[in-house]
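Student: Handing you a structure now.
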Amino acid sequence: MSSDVMAIKTAGASGKPWVETLHEWVTTVDHKRLGILYILFALIFLVIGGIEATIMRIQLMRPHNDFVSPQVFNRMFTMHGTTMIFFVAMPVLFGFANFLVPLMIGARDMAFPRLNAFSFWLTALGGFLLYFSFVGGSGLYGAGNAPDVGWWAYAPLTSRAFSPGHSTDYWTIALLISGFGSIGTSINIIATILCMRCPGMTLGRMPLLAWLNLVMSGMVLLAITPLSAAQLMLMVDRYLGGHFFDTQAGGSATLWMHFFWIFGHPEVYVLIIPCFAFVSEIVPVFSRKPIFGYPVMVGATVCIAFVSLSVWAHHMFTIGMNSYANAFFTITTMAVGVPTGIKIFNWLGTMWGGKLIFKTPMLFCIGFLFQFLIAGLTGIMLSAAPFNWQLSGSYFVVAHFHYVIVGGILFALFAAFYYWYPKITGRMLNESLGKLHFWLFLIGFHMTFDVMHIPGILGMPRRIYTYEPGRGWNTLNLIITIGTFIQGIATSVFAANLIFSYFKGPRAGNDPWDAWTLEWSVSSPPPEYNFASIPTVASRRPLWDRKHPEDPDSRYD
Amino acid sequence: MAKKYRGKWGTVIGRVIGVLVIVAGILLAASLCTAALRADNPVPSIFRPHSTPADSIVHLSRFVLAITALIFLVVATLLTYAVAKFRNKAGDAQREPAQVYGSTQIELAWTVIPILIVVVLFLATARVIHAIQDAPKPETAVEVTAIGHQFWWEFRYPALGVVTANELHIPVSDPDHPTPTFLKLLSADTDHSFWVPQLAGKSDLIPNRVNEMWMDPHSTGIFLGQCAQYCGTQHAKMLLRVSVDSPEAFQVWIDAQKQPVIQDEKETVGRRVFETTACVNCHAVGGTNATGRFGPDLTHLMSRRTIAAGAAENTKENLRLWIQNPDAIKPGSLMPAMQLTDADLDALVRYLETLQ
């Protein structure tokens, strides 16, 4: 599907045979094309992950439903989680970083173009292998296909005794390979930002998007490496007779938990920090003011990155750590709330006294602000270890992290799509469809994930394929399922908008939003070399300086 | 002109939808709360505690909820105000607003205030962590070893010599003469988690690890829970019932459980079926050659209200179905279909019904 869309794009422009165009895209090392490939790849997996979520919600619509078997349901939640984190969220964020970072810092490409292509294709191979498990997972054992161990794959469920066949191996190898891809792209982003900035762009003048992607990439290096190590250890257990996690031979189940969550928690920030970056670029433009407290925003991000490396065991409050460990991880987790709060206040400060323009990107950003606030506050509840003993492993947690990932990350991503689509394709997205998408998605989101907190409080654990009637969960689950369908419809509107506007949208011009960063100084879509001559900047908002020579930012820099 | 009106109506409709959504949400939440708070319903809500640990968690939760609600009100009000107040007015689009870059005093304020809130929240939390986790075990405590299996619970009372499954019996604890129950949590295979929301927070059962938890129920009754850590195919039907008995009823139950099985001479056919098929590989019946430990102890099977870890009522029909085709009740459970003839099956069920 992806190649079709892209083939049309260039075939129309150049009249080349489609095979040649396809070849160009497959062998490309251009950061913009790789960015688009990442984004299209993620969108395809978003549809697949969404279908998996819908299957689960139909099954849970009423108690004792038999839409799917427990085996299929367990595969669905494993694949949904793995897909959404590793093959939707990370690739789409890497895609935007790839496309935007060089343009925003005035560079002609990434530091290592071929490493860039190699990393993308590794990620693509990982995604392919994960889904190939549906075909190859059962091996010769007649065991189940597709992994069913949950996306965090706790030991000893992954040992050969409990997971015969190859489904767990596909999961392991898929994440190992795509992990190498993520590491490659992160090294590339770091090198690009540190070495490829245009003249005048000191670190203190970089757009926040570049800063935040720099921090994100650093965190990927620290977070993905322990995950890769754990995957290798798991493979040693399964194939070479190792006993790291094999509890029947004296291995440790908690060792896997530590390895997984020292990846897993920073991963949340790996995903949310680039979304902070989108919001930090979009809110100022649609408020007509510069970001409030730029140095504090950078400081708070770096602070979040550091503190988030010492909070992982708050995913493990129920495993029987002693009271000192529980208290330690309570305070570190609560402490993350401080820099995160600072960020919300700074976005509020940016809007304060501005002239807000409610185009679709801004609507999604405002949705993000409210929802991320709530997600943060339920996070504070979960950080209080005793409260967590009740809430962890329940639907409250599921609601909380979907509030972060959908209400926060996905809303910011939608904002980014509406904001940068004109730059990427040269055409504006349809504003009416955009507003319809926003309101439908907002209603569906709140129906699903606001309500989902309640069954958790009423004792409903996560990852159950069915539940008993008479526990007060029935109506709630039905409402949640209806909300899921509304979100599905809203996402279809978005997909229709992406396709429709690609052909029929009005031409965007260089700078449709009257924005201030360098990517808006070049044509839409940007030329292959980005900048005819490398720009020189004198402040954080080079285009503001150009548009307001009477009162440039550089005067205060 | 027409365009202007359309824009205006667009915002009006938007606001109306917004208000409707909020009102609907509040109504929904209110109706759910009243439904959940009715005293006689069996909903295992964490806000209806019946034991000290669950109780102190509710106190902490209310405190945390109050503070977070306050933060939400303040920040959401400011956000809403900013969105409503600073919207761009028509005809004013040409002029840019005052360009403000930041303010050290304000930044300092919204750094220091959250830090203070975090300190308060942490101290309140640390107190409850200590109170629950470091509570001393009194001499009078009842000790139970809970062992998680795929997909059922084994309960052993080492001091009392009782072994049972899936339905935990514990005595009610009088605050003046506390008899709390201390659970030692083990696992025979994968991770599990013991969660009865009204009695205590959850605690995991992890292979190669010994965890502990305690509860001191204040009132008698049946409290529902289930496994809360994904443990494999039938994680969903690893249900848990805790029967909190009066001290007298608990003693009666213990005495009955300690009785050896009374063999009913009329059911020798069923007994022979049981003892000569694979049943004995996994199940134990006290005083016979059936000593398996992979499945629940059946010595006093008929004293339990449910079978298959709470997946079905303990009735003759369900027992028969369960032996014949476990997948009909709990697909993916580790109990194999026994492939017995109808005559053997009936005899076996009759025999099981003698295991009072």
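Student: Any residue at all in the range B:94-105 that is loosely packed, with under 14 Cβ neighbours inside 10 Å, of a type in the set (Gly, Ala, Ser) and within 7 Å of chain A (Cβ to nearest Cβ)?
Tutor: Start the filter on the range B:94-105 by keeping residues that are loosely packed, with under 14 Cβ neighbours inside 10 Å, which leaves B:94-95, B:98, B:103-105.
So of that shortlist, the ones also of a type in the set (Gly, Ala, Ser) come out as B:98, B:103.
Okay, now just the ones that are also within 7 Å of chain A (Cβ to nearest Cβ), so B:98.
Checked the range B:94-105: at least one residue is loosely packed, with under 14 Cβ neighbours inside 10 Å, of a type in the set (Gly, Ala, Ser) and within 7 Å of chain A (Cβ to nearest Cβ).
Okay, residues lined up against (1) over 19 Å from A:Leu382 (Cα atoms); (2) more than 13 Å from chain A (Cβ to nearest Cβ); (3) at pLDDT 95 or above:
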site	(1), (2), (3)
B:His149	yes, no, yes
B:Tyr157	yes, yes, yes
B:Pro171	yes, yes, yes
B:Phe194	no, no, yes
B:Pro207	yes, no, yes
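Student: Something else about it: Quick one: in the range B:126-150, which of the residues that are of a type outside the set (Asp, Glu) and assigned to a strand (DSSP E or B) is farthest from B:Phe194 (Cα to Cα)? Steps first, please.
Tutor: Of all residues in the range B:126-150, those of a type outside the set (Asp, Glu) come to B:126-133, B:135-138, B:140-142, B:144-150.
Next, from what is left, pick out any that are assigned to a strand (DSSP E or B): B:142, B:144-149.
Working: B:Val142: 17, B:Val144: 13, B:Thr145: 12, B:Ala146: 9, B:Ile147: 10, B:Gly148: 9, B:His149: 12 Å.
Here the residue is B:Val142.
Residues are listed down the side, and each one gets a yes or a no for (1) at the interface with chain A (Cβ under 7 Å from one of its Cβ atoms); (2) touching a residue at least 12 places away in the same chain (Cβ under 8 Å):
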| site | (1), (2) |
| --- | --- |
| B:His59 | no, yes |
| B:Leu108 | no, no |
| B:Ile113 | no, no |
| B:Phe122 | yes, no |
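Student: Still on this structure, I have one more. Can you tell me how many residues within the range B:322-356 are among the basic types (Lys, Arg) and not in a loop (DSSP other than H, G, I, E, B)? Can you show your working first?
Tutor: Going residue by residue through the range B:322-356, those that are among the basic types (Lys, Arg) are B:330, B:350.
Checking the rest, the ones that are also not in a loop (DSSP other than H, G, I, E, B) come to B:350.
Count: 1.
Student: Here is a follow-up. Of all the strands (runs of 3 or more DSSP E) wholly in the range B:203-290, which have at least 2 residues that are of a type in the set (Val, Ile, Thr)?
Tutor: Values: elements: B:203-205, B:211-215, B:221-226, B:239-245.
Strands (runs of 3 or more DSSP E) meeting the threshold: B:239-245.
Student: Considering each residue of the range A:303-328, count those that are surrounded by fewer than 23 Cβ atoms within 10 Å (Cβ to Cβ), under 22 Å from B:Ile117 (Cα atoms), within 7 Å of chain B (Cβ to nearest Cβ) and not hydrophobic (A, V, I, L, M, F, W, C), and give that number.
Tutor: Looking only at that region, the number is 1.
Student: Follow-up. Could you list, in sequence order, all residues of the range A:423-459 that are more than 9 Å from chain B (Cβ to nearest Cβ), in contact with a strand residue (DSSP E or B) (Cβ under 9 Å, 6 or more places away or on another chain) and part of a loop (DSSP other than H, G, I, E, B)?
Tutor: Selection gives A:Gly426, A:Met428.
Student: Which one of these is β-branched (Val, Ile, Thr), part of a loop (DSSP other than H, G, I, E, B) and within 11 Å of chain B (Cβ to nearest Cβ): A:Ile342, A:Ile291, A:Ile331? Give the steps one after another, and end with the answer.
Tutor: Working: A:Ile342 fails: part of a loop (DSSP other than H, G, I, E, B); A:Ile331 fails: part of a loop (DSSP other than H, G, I, E, B).
Being β-branched (Val, Ile, Thr), part of a loop (DSSP other than H, G, I, E, B) and within 11 Å of chain B (Cβ to nearest Cβ) holds for just one of A:Ile342, A:Ile291, A:Ile331, which is A:Ile291.
Student: Of everything in the range B:247-285, what is more than 30 Å from the chain's Cα centre (by Cα), over 20 Å from B:Met335 (Cβ atoms) and crowded, with 17+ Cβ neighbours inside 10 Å? Give them in sequence order. Outline the logic, then answer.
Tutor: Of the range B:247-285, the ones more than 30 Å from the chain's Cα centre (by Cα) are B:259-281.
From what is left, the residues that are over 20 Å from B:Met335 (Cβ atoms) are B:259-269, B:272.
Correct list: B:Val261, B:Glu267.
Student: Taking the options B:Ser219, B:Ser203, name whichever one is of a type in the set (S, T, N, Q) and more than 10 Å from chain A (Cβ to nearest Cβ).
Tutor: Details: B:Ser203 fails: more than 10 Å from chain A (Cβ to nearest Cβ).
Among B:Ser219, B:Ser203, only B:Ser219 is of a type in the set (S, T, N, Q) and more than 10 Å from chain A (Cβ to nearest Cβ).
Student: Could you grab me the full set of residues in the range A:384-413 that are facing chain B (nearest Cβ under 8 Å) and part of a helix (DSSP H, G or I)?
Tutor: Just the residues of the range A:384-413 that are facing chain B (nearest Cβ under 8 Å), to begin with: A:384-394.
Selection gives A:Ala385, A:Pro386, A:Phe387, A:Asn388, A:Trp389, A:Gln390, A:Leu391.
Student: Tell me the residue from B:Val58, B:Val75 that is assigned by TED's automatic domain parsing to the domain that holds B:Gly225, closer than 19 Å to A:Thr350 by Cα, crowded, with 16+ Cβ neighbours inside 10 Å and under 37 Å from the mean Cα position of the chain (by Cα), please.
Tutor: Values: B:Val58 fails: closer than 19 Å to A:Thr350 by Cα.
Answer to the selection: B:Val75.
Student: Test each condition in (1) of a type outside the set (Gly, Ala, Ser); (2) under 25 Å from A:Ile272 (Cβ atoms); (3) not in a helix (DSSP H, G or I) for A:Leu130 and report the one that comes out false.
Tutor: Looking at each condition in turn, A:Leu130 falls short on (3).
Student: If you don't mind, another one. For the range A:53-78, which residues satisfy the criterion of being buried (at least 19 other Cβ atoms within 10 Å of the Cβ), of a type outside the set (D, E, K, R) and within 14 Å of chain B (Cβ to nearest Cβ)?
Tutor: A:Met56, A:Gln59, A:Leu60, A:Pro70, A:Phe73, A:Asn74, A:Met76, A:Phe77, A:Thr78
Student: If I go through the range B:192-209 residue by residue, how many of them are in contact (Cβ under 8 Å) with a residue 24 or more places away in the chain and touching a strand residue (DSSP E or B) at 6+ places or on another chain (Cβ under 6 Å)? Quick ask: steps written out before the conclusion?
Tutor: Within the range B:192-209, the subset in contact (Cβ under 8 Å) with a residue 24 or more places away in the chain is B:192-202, B:204-205.
Within this subset, residues satisfying the condition of being touching a strand residue (DSSP E or B) at 6+ places or on another chain (Cβ under 6 Å) are B:192-196, B:198-200, B:202, B:204-205.
Qualifying residue count, the range B:192-209: 11.
Student: Against the condition more than 14 Å from chain B (Cβ to nearest Cβ), outside any loop (DSSP other than H, G, I, E, B), under 30 Å from A:Arg540 (Cβ atoms) and of a type in the set (Gly, Ala, Ser), how does A:Ala300 come out, does it pass?
Tutor: On the way: more than 14 Å from chain B (Cβ to nearest Cβ): no; outside any loop (DSSP other than H, G, I, E, B): yes; under 30 Å from A:Arg540 (Cβ atoms): yes; of a type in the set (Gly, Ala, Ser): yes.
Taking the combined requirement at face value, the residue does not satisfy it.
Student: To continue, here is another question. Name the one entry in B:Gly225, B:Gly286 that is of a type in the set (Gly, Ala, Ser) and in the same structural domain as B:Ala146 (by TED's automatic domain parsing).
Tutor: So the residue among B:Gly225, B:Gly286 that is of a type in the set (Gly, Ala, Ser) and in the same structural domain as B:Ala146 (by TED's automatic domain parsing) is B:Gly225.
Student: Of all residues in the range A:119-172, how many are surrounded by 19 or more Cβ atoms within 10 Å (Cβ to Cβ) and either polar (S, T, N, Q) or in contact with a Lys or Arg (Cβ under 8 Å, 6 or more places away or on another chain) (or both)?
Tutor: 16
The values are calculated or read from the model by the stated rules, or taken from the named source; none is laboratory data. Everything quoted here is computed from the prediction, not taken from an experiment. Because the Cβ atoms are built from the backbone with ideal geometry, glycine has one as well, and the counts that use them run over all protein chains shown.
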